[in-house]
Structures are given as C-alpha cells and as structure tokens.
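The values are calculated or read from the model by the stated rules, or taken from the named source; none is laboratory data. Quantities reported herein were computed from a predicted structural model and do not represent experimental measurements. Here the Cβ positions follow ideal geometry from the backbone for every residue, glycine too, while neighbour counts run over all protein chains shown.
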C-alpha cells in the first residue's frame, strides 16, 4: 500500500500548487492532476465504477473551466508579490497545523474503524443476497438502481435543476438592459 | 490512521482556499478540492484488506470490498459536476457586469 | 495614435473570436470525423452493460456528451449548429427523465415504488436484472443531453455582449 500513500502525498502537493499559483491556467492544470491522481487511487481501492465516472467528469470539468478562463481573464489580479516574511509565516502556520492534526489525530480518529476493516453492517446483506434478488452482477449498480433507487431519482432531479439553473442564469432573451 | 489524516489535510486545504482567497476562480477551485477530499474519504472507509472489486464474474463470489460507500460516491461525483457548472455560470455573469474576478470590488448589489 | 491602437486591438480580437467560431485545423477535423461515431458507440456499450461491468448510466452519459463536445470544438460554432439544434437536446433530456420516472412508477402495479418487476433472467446475460438496464438508458440519455446543454451555455453562447464590452471600456 505504499503506492497509495505516495499518491495521496502527490495529491496534497498538487492541491497546494493549485491554490497558491498566480496564473489561473496553471492552477487549473494542477487541479486536473489532483483529479487524475484520485482516479488511480480509486482503482487501487478496488472501485472501478468510481474510477470511470471520476475520469470522465474530471475531463469535462477541465474543458469547461479552461474555456471560461480563456474567454474572461487569465491572470489573478488580486495577489501582490509575496515577501520572504510572509512565506516564512505561511510555512510556520502549516507546520503548526500539521503538528496539531497529527497530535490530536490519534484522539479524533480513534472512533473511526481502522483502515481495512469496515463494519459492514448493511453491506453483508447486499453482498449475500444481491445477485439472487436483483439479478445484476455489478453489485454497485444493483445498490444504486434497486435497493436505493430513490436516491438515484433524487440525484437525477438535482442534475435537472442544476441544468435549468445554468440556462436561466445565462439566458440572453428576455433580460432587461441594465 | 495516517490515511485519514491525509484525507482531512486535503479537505482542510480546500476550506483554506475558499475562506482566504479573493479571486472567484480560486474559490471555485477550493470547492472542487473539497469535493475530491470527501469522495476520497468515503472510498477509503469502504476498503477491505485483500478484497476485490464488488463485481460477480463467472468464477463466482469472492472476498469483496464494501459496495455501499461506492454507491454513495457515484452520486456525489456527478452532483459535484453540476454544482461546479452552476458556480461557473454565476462567475461568468459577474465578470460580464464588473469586468473583474476580485470579490472586494463586487460589492454593490444591483437589481 | 491612440485611436489607431484601439482599432487594431479590436480587429485582432474580433478575428480571434471569428477564428474560434470557424473551428480547428484539418488534422483535428479529420480525426473527429473518424472518432465521434466510435465514442458514441462506446458510450452506448457502457450504458447497456451497466449491470454487468463497471460503468452504468452516469459514466455512459458523460461519454456521450464528450462526443458532441468534440464535434462542437473541432468544427466551430456555426457549422456545428447547422447540424445539431439545441431544442433536440432539450427534448432528449426530458425524454430521459420521463423514461426513468415512468419505470419507477410502474412498480406501483405490483407492490411498492421502484419494485423490480421485469423478469430477472440468467445472471451474467445481457437481458437480465429486471428494470436496471431500462433505468440505465434513461439516466444515460438525461445526463448526456443535460451536460451538453450546460457546455453550450457556458462555452459557446454564454458571452452575449463580448464585443460590446470592449466599446464600453
């Protein structure tokens, strides 16, 4: 599992780069790196369904965001150049945060099940009876469309609302000239 | 245990970006990082050591990982895309009106 | 001197926008002509085998969108709009939603909401698992058409007064 930890560290570093860079296009490319690393992490955690959805959604998000940036502006005009003092203070803050998280982490995360041993209270039933009751070989598909189909219906409605929202915000007919 | 801490650090980076940055696109990037962190933590909780992907093949049943968190994350990824698109639509409209992405200059609420 | 500088800047920006509307180079257009049909075929494969292999309705729908995004980006706005009308995608999205909802309501015939009532055949065969393939098709069409409309609104149509903004500044 060493590869998993290395990929997670890569994701953290890429997220830091995405946050702190001044050029917006470089930030978006770093965000893409985080997304692709997350795809490989999903594959390592034995979830191929999630990996497929994550990679195509990541590509579509990147295309839309880069197109928006090319049409509007590319340089972040809100950040002045950082002096050495500010960089040192940022690093000290980061080290304090990490020590805090690591020190309290053993207390806070003790309630969570240890990595690799999930409690599996409801999933035992799904794993045992999934193929018999639904007839689907892919157990994740049987969960989202048969056992918990109502949640999928809600999600389809949320997507519909979001699409209507985007079209309503960006429509050009019927708007008053300001 | 370390892996949960790393997931929370990623989430913390996302929150830092949303709270501190003053550029609208950076705020959208912060939201995207938060969504990645949450999906990652769900998938980590559902992993079983030595388990395989929960797909029944011709060889019959095997030792599977937990399929329930994967079903929850599948929904969450697509909803994250819809949310990001709506955020970007509002950003585009704000840029058309104020010609800047700086949130300190976008203060007057016009009707 | 200042007036000439402004006119030059406006002309190049207009030319740039016009070039974007015309599309990309010949290589990209040829490859798109070959690949777009294959991408739609791949998305149909992933949607239909959603109950046997990983994927399902959502992944297949987004790949369906990716094929149309490729066509729009490679051929430019005018030529792509001459062949695909936006009202068609409105219709497709509503059709997908109605398929999903009607399939869920049909469960009321035999018991409760969302009951799996079509016959479940042999496992690992393509026509199996009751209503799951029908639901996958509905979701795939809906997600695909909806996300393509979002792409059109944000990337192609969203900037209504782009050239007029230059004059205002």
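Tabulated data for the structure shown
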item	result
Candidate set: the stretch A:162-172, residues that are at pLDDT 90 or above and at the interface with chain B (Cβ under 8 Å from one of its Cβ atoms); chosen: the one surrounded by the fewest Cβ atoms within 10 Å (Cβ to Cβ)	A:165
Answer from B:25, B:103 - the residue that is in contact (Cβ under 8 Å) with a residue 60 or more places away in the chain, under 21 Å from residue A:170 (Cα atoms) and at the interface with chain A (Cβ under 7 Å from one of its Cβ atoms)	B:25
Given (1) within 30 Å of residue A:160 (Cβ to Cβ); (2) at pLDDT 90 or above, number of the condition residue B:46 does not satisfy	(2)
Residue B:20, sole failed condition from (1) under 23 Å from residue A:68 (Cβ atoms); (2) at the interface with chain A (Cβ under 7 Å from one of its Cβ atoms)	(2)
Residue check for residue B:37: within 30 Å of residue A:118 (Cα to Cα), more than 7 Å from chain A (Cβ to nearest Cβ), surrounded by 20 or more Cβ atoms within 10 Å (Cβ to Cβ) and at pLDDT 90 or above	yes
Hey, residue A:62 within 27 Å of residue B:1 (Cα to Cα) and either in contact (Cβ under 8 Å) with a residue 24 or more places away in the chain or facing chain B (nearest Cβ under 7 Å) (or both) or not	no
Complete set of residues in the stretch A:127-145 that are surrounded by fewer than 24 Cβ atoms within 10 Å (Cβ to Cβ) and closer than 14 Å to residue B:67 by Cα	A:127, A:128, A:129, A:131, A:137
Check on residue C:56, under 30 Å from residue A:141 (Cα atoms) and in contact with a strand residue (DSSP E or B) (Cβ under 8 Å, 6 or more places away or on another chain)	yes
Hits in the stretch C:137-150 - residues which are touching a residue at least 40 places away in the same chain (Cβ under 8 Å) and either more than 15 Å from residue C:99 (Cα to Cα) or at the interface with another protein chain (Cβ under 7 Å from one of its Cβ atoms) (or both)	C:139, C:142, C:143, C:146, C:147, C:148, C:149
Residue among B:9, B:56 that is within 7 Å of another protein chain (Cβ to nearest Cβ) and more than 22 Å from residue A:13 (Cα to Cα)	B:56
Candidates A:104, A:131, A:145 - the one that is more than 26 Å from the chain's Cα centre (by Cα) and assigned to a helix (DSSP H, G or I)	A:131
Enumeration of residues in the stretch A:22-39 that are surrounded by fewer than 18 Cβ atoms within 10 Å (Cβ to Cβ) and over 21 Å from residue A:8 (Cβ atoms)	A:22, A:23, A:25, A:26
Sole residue being at pLDDT 90 or above, more than 7 Å from every other protein chain (Cβ to nearest Cβ) and not in a loop (DSSP other than H, G, I, E, B), chosen from B:94, B:74, B:87	B:87
Filter result for residue A:3 (touching a helix residue (DSSP H, G or I) at 6+ places or on another chain (Cβ under 9 Å), farther than 22 Å from residue B:12 by Cα and buried (at least 17 other Cβ atoms within 10 Å of the Cβ))	no
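Let's see how each residue does on (1) surrounded by fewer than 16 Cβ atoms within 10 Å (Cβ to Cβ); (2) out of contact with any helix residue (DSSP H, G or I) (no Cβ under 8 Å at 6 or more places or on another chain):
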{"site": "B:53", "(1), (2)": "no, no"}
{"site": "B:57", "(1), (2)": "yes, yes"}
{"site": "B:62", "(1), (2)": "yes, yes"}
{"site": "B:65", "(1), (2)": "no, yes"}
{"site": "B:75", "(1), (2)": "no, no"}
{"site": "B:78", "(1), (2)": "no, no"}
{"site": "B:88", "(1), (2)": "no, no"}
{"site": "B:92", "(1), (2)": "no, no"}
{"site": "B:96", "(1), (2)": "no, no"}
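For every residue, the table says whether it meets (1) assigned to a helix (DSSP H, G or I); (2) modelled with pLDDT of 75 or more; (3) in contact with a helix residue (DSSP H, G or I) (Cβ under 8 Å, 6 or more places away or on another chain).
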site	(1), (2), (3)
C:36	yes, yes, yes
C:54	no, yes, yes
C:70	yes, yes, yes
C:80	yes, yes, yes
C:92	yes, yes, yes
C:104	yes, yes, yes
C:128	no, no, no
C:139	yes, yes, yes
